[in-house]
Amino acid sequence: MSTLNINIGDLQLKNPVMTASGTFGYGLEYADFVNLADIGAIIVKGTTLHHREGNDYPRMAETPSGMLNCVGLQNKGVDYFCNNIYPQIKDIDTNVIVNVSGSTPEDYAECAARIDQLDKIPAIELNISCPNVKDGGMAFGVTRKGAAQVVKAVRAKYHKTLIVKLSPNVTDITDIAKAVEDEGADSVSLINTLMGMAIDIERRKPLLSIKTGGLSGPAVKPVAVRMVWQVARAVRIPVIGLGGIMNANDAIEFFMAGASAIQIGTANFIDPTVTVKVRDGINQWLDSHNVSSLTEIIGAVD
């Protein structure tokens, strides 16, 4: 058996397979299908400082080789998470990571500070694809300044492993990655969803309530692999790859591009056991190619 354990900053993963935020609930929803302890890390759904209702329905639509969503970060807020969800998930025998979102740097920082107090949450993932309400609604993650502002504010109040999830809807993703690294990010994860749109040609209306949404699934994988390859060559911190991973072969591509770990998202909706299947498939590939440790193939493509 090959060695699959990997470190992301101070975060120790028993294997490199993580779940992508928003596709795995709080983990408990999948407990009947898969042993949660077999997953390297579970990233729970997006959490904000205050309660959010999310966007109106319809907010999901299937597209060729993918799906669009505009759920809008529906959640009951960080205090509800700390008081009601955390007690239910704190004893899962793997890393449980909280995805943090916000509307201002101060919102992000305060939300992160409250999660910092939870002993059994070893890391957070910052979703910087959120709109900056103080700057005309432009997403924090699409400018170097905006991304740096959020990470700096959070780093001042959060003391554990800090992963920053990068938006692909930018001109140069390496510039954003370097900005968050400079402000203290321990790792970057990419890519978040690509902005997309689908139209009902009979009704002459968009399929989603707010017209546009985030595209995920196999359709985005080549873009994600390219961006992971670019970022891994530009930063010194570990890169976590995601975007359209459906099987172990997809995951191997991300490792060779430079990812130290991967996240599985949309595939969970198709097969709720896919995380463990990918873990086992990675192991089988490494064994069949006489590779003793995952680290041997990370960044294998120059």
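The values are calculated or read from the model by the stated rules, or taken from the named source; none is laboratory data. Quantities reported herein were computed from a predicted structural model and do not represent experimental measurements. Every residue, glycine as well, gets a Cβ built from its backbone with ideal geometry; the counts of neighbours run over all protein chains shown.
If I ask for residues that are farther than 20 Å from Ile124 by Cα and crowded, with 19+ Cβ neighbours inside 10 Å, which ones from the stretch 15-58 would you list?
Tyr30, Val34
Against the conditions (1) in contact with a Gly (Cβ under 6 Å, 6 or more places away or on another chain); (2) part of a helix (DSSP H, G or I), where does Asp107 fall short? Just the number, please.
(1)
Looking for something surrounded by 15 or more Cβ atoms within 10 Å (Cβ to Cβ), farther than 19 Å from Thr266 by Cβ and out of contact with any Leu (no Cβ under 8 Å at 6 or more places or on another chain) - is there at least one such residue anywhere in the stretch 59-75?
yes
So Lys134 ticks every box in (1) assigned to a loop (DSSP other than H, G, I, E, B); (2) within 19 Å of the chain's Cα centre (by Cα) but one. Which box is left unticked?
For Lys134, the exception is condition (2).
Only residues that are of a type in the set (S, T, N, Q) and either surrounded by fewer than 22 Cβ atoms within 10 Å (Cβ to Cβ) or touching a His at 6+ places or on another chain (Cβ under 7 Å) (or both): list them for the stretch 247-267, please.
Across the stretch 247-267, the qualifying residues are Asn247, Asn249.
Quick one: in the stretch 157-171, which of the residues that are of a type in the set (Lys, Arg) and surrounded by 17 or more Cβ atoms within 10 Å (Cβ to Cβ) is nearest to Val225 (Cα to Cα)?
Ranking the candidates gives Lys165 first.
If the requirement is being in a loop (DSSP other than H, G, I, E, B), among the hydrophobic types (A, V, I, L, M, F, W, C) and over 23 Å from Thr161 (Cβ atoms), which of these qualifies: Ala300, Ala259?
Ala300
One line per residue, one yes/no per condition, for (1) in a loop (DSSP other than H, G, I, E, B); (2) not small (Gly, Ala, Ser):
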site: Ala147; (1), (2): no, no
site: Val154; (1), (2): no, yes
site: His159; (1), (2): yes, yes
site: Ile163; (1), (2): no, yes
site: Lys178; (1), (2): no, yes
site: Met227; (1), (2): no, yes
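Quick one: would you say Thr94 is β-branched (Val, Ile, Thr), out of contact with any Ser or Thr (no Cβ under 7 Å at 6 or more places or on another chain) and within 17 Å of Lys160 (Cβ to Cβ)?
So Thr94 passes the test.
Take the conditions under 22 Å from Ala41 (Cα atoms) and either at pLDDT below 95 or of a type in the set (A, V, I, L, M, F, W, C) (or both) and apply them to Ile121. Does it pass?
Considered against the rule, which asks whether it is under 22 Å from Ala41 (Cα atoms) and either at pLDDT below 95 or of a type in the set (A, V, I, L, M, F, W, C) (or both), Ile121 comes out as yes.
Within the stretch 208-225, track down each residue that is surrounded by 19 or more Cβ atoms within 10 Å (Cβ to Cβ) and either in a loop (DSSP other than H, G, I, E, B) or of a type in the set (Lys, Arg) (or both).
Of everything in the stretch 208-225, those that are surrounded by 19 or more Cβ atoms within 10 Å (Cβ to Cβ) and either in a loop (DSSP other than H, G, I, E, B) or of a type in the set (Lys, Arg) (or both) turn out to be Leu208, Gly217, Lys221.
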